[in-house]
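Novice: Right, I'll just put the structure down here and ask away after.
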Amino acid sequence: MLACVPALAHRRDEYLQAARIAVEPSRIGIELDITPGIAIAPSAVAGIDRDRDGRIDESEAKAYATEVLSGLRLEVDDRALTLELVSARAPVPIALMRGEGAIQIALSAALPSLEPGRHRVFYRNDHHPADAAYLANALKPSSGRVEIDAQRRDVDQRELTIEYSIDREAAAGVPWAYVAGLVAEVAAIAGLGMMLSRRRLRHRLS
């Protein structure tokens, strides 16, 4: 579920930082794409390609992602979460210079055990605020246990609050319908066993 927000033109002198946030029962995932405008791409590349070899290797991409990570804040129900870097990928510098590529960063945070009911995720991005343009949206949950109820953003979309619910039945880990069916099946088997035992007893007595 991506909320409809006004399209944001990517200006030549801005860092476009687009976050997609996945809320799941036990974790929060963040996909963050960062695209520097053409006018500021040379300085951005110089800060990432530190050995100036014309390519951004895995260690350089991860070093930059760690810098980005330090400017992010994530909470659930007013409790701070620890974000961990999952992956970081960057196109070749020439693509960034031409405005044809984005730096892709994947992050993840484990959630504490949450009771069924309504909860709230808060996200804030303070990376490179001087010339940044922000976008933030919640993704449609892949789990049927989670339902997004509302999304609220500040004016520049640096902050996003996601209100969501965890289903009471599913939160227990096993659907109640399945449990009820299993109990009925066990009862039926037990009843059948008792009936067969009585028949055997009658047969022995006759």
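Throughout, read-outs are computed from the coordinates displayed, never taken from laboratory work. Quick caveat: nothing in here was measured; it's all calculated off a predicted structure. Positions of Cβ are generated from backbone atoms using ideal geometry, with glycine treated the same way; all protein chains shown enter the neighbour counts.
Novice: Name, by its number, the condition in (1) crowded, with 19+ Cβ neighbours inside 10 Å; (2) assigned to a loop (DSSP other than H, G, I, E, B) that does not hold for A19.
Specialist: Result: A19 passes all but (2).
Novice: Against the definition (more than 20 Å from the chain's Cα centre (by Cα) and assigned to a helix (DSSP H, G or I)), how does A65 come out, yes or no?
Specialist: no
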